[in-house]
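Undergrad: Would you mind keeping the following structure in view while I ask a few things?
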């Protein structure tokens, strides 16, 4: 995950420095936000995995799954706020509604997950 995160940051930097959004239009913006989403997803997933691995005992794949899912929500929230700011629609109530929606999604996944026995 660390290597892929570093590659995603490199791709984002390449897009940032070599893609002109005025010339590429929508594709340039999609490349920028998607590469930034993947890079932040990697960072948040790694941080989440470190936190979950220290706090919980159990199968490592479950900790990776949870940290990846929560990293996805955090990255989606960050990129969503950036897109809203870019189009001039970022307001505190939009941010709050978006955050509440993502929290409910996470609660849904947490409540529906299977419990694994550790022996």
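Undergrad: Among the candidates 77, 49, 109, 61, single out the residue that is in a helix (DSSP H, G or I), within 22 Å of residue 3 (Cα to Cα) and in contact with a helix residue (DSSP H, G or I) (Cβ under 8 Å, 6 or more places away or on another chain).
TA: Selected residue: 49, the only one of 77, 49, 109, 61 that is in a helix (DSSP H, G or I), within 22 Å of residue 3 (Cα to Cα) and in contact with a helix residue (DSSP H, G or I) (Cβ under 8 Å, 6 or more places away or on another chain).
Undergrad: Please find, among 54, 69, the residue that is at pLDDT below 95, in a helix (DSSP H, G or I) and either crowded, with 16+ Cβ neighbours inside 10 Å or touching a strand residue (DSSP E or B) at 6+ places or on another chain (Cβ under 8 Å) (or both). Step through it out loud before you land on a result.
TA: Values: 54 fails: either crowded, with 16+ Cβ neighbours inside 10 Å or touching a strand residue (DSSP E or B) at 6+ places or on another chain (Cβ under 8 Å) (or both).
One residue alone meets the criteria, 69.
Undergrad: What are the residue pairs meeting all of these: first residue in region 39-54, first residue free of Cβ contacts under 8 Å to residues at least 12 places away in the same chain and on the phi < 0 side of the Ramachandran plot, second residue surrounded by 14 or more Cβ atoms within 10 Å (Cβ to Cβ) and assigned to a helix (DSSP H, G or I), Cβ atoms under 7 Å, and 6 or more apart or on different chains?
TA: That search, which allows pairs on different chains as well, returns 53/63.
Undergrad: Given the condition part of a helix (DSSP H, G or I), modelled with pLDDT of 90 or more and surrounded by 15 or more Cβ atoms within 10 Å (Cβ to Cβ), answer yes or no: does some residue in region 84-94 qualify?
TA: Checked region 84-94: at least one residue is part of a helix (DSSP H, G or I), modelled with pLDDT of 90 or more and surrounded by 15 or more Cβ atoms within 10 Å (Cβ to Cβ).
Undergrad: Which condition number in (1) under 23 Å from residue 100 (Cα atoms); (2) in contact (Cβ under 8 Å) with a residue 12 or more places away in the chain; (3) surrounded by 15 or more Cβ atoms within 10 Å (Cβ to Cβ) is the one that residue 34 fails?
TA: (2)
Undergrad: It is to be established whether one or more residues within region 73-81 are surrounded by fewer than 17 Cβ atoms within 10 Å (Cβ to Cβ), free of Cβ contacts under 8 Å to residues at least 60 places away in the same chain, within 22 Å of residue 108 (Cα to Cα) and more than 13 Å from the chain's Cα centre (by Cα).
TA: No, region 73-81 contains no residue that is surrounded by fewer than 17 Cβ atoms within 10 Å (Cβ to Cβ), free of Cβ contacts under 8 Å to residues at least 60 places away in the same chain, within 22 Å of residue 108 (Cα to Cα) and more than 13 Å from the chain's Cα centre (by Cα).
Undergrad: Any residue at all in region 54-64 that's within 13 Å of the chain's Cα centre (by Cα) and closer than 21 Å to residue 104 by Cα? So that I can check it myself, show each step before the final result.
TA: Going residue by residue through region 54-64, those that are within 13 Å of the chain's Cα centre (by Cα) are none.
So far as region 54-64 goes, no, none of its residues is within 13 Å of the chain's Cα centre (by Cα) and closer than 21 Å to residue 104 by Cα.
The values are calculated or read from the model by the stated rules, or taken from the named source; none is laboratory data. Please read these numbers as outputs of a predicted model, since none were measured by experiment. Note: ideal-geometry Cβ built from the backbone for every residue, glycine included; neighbour counts use all protein chains shown.
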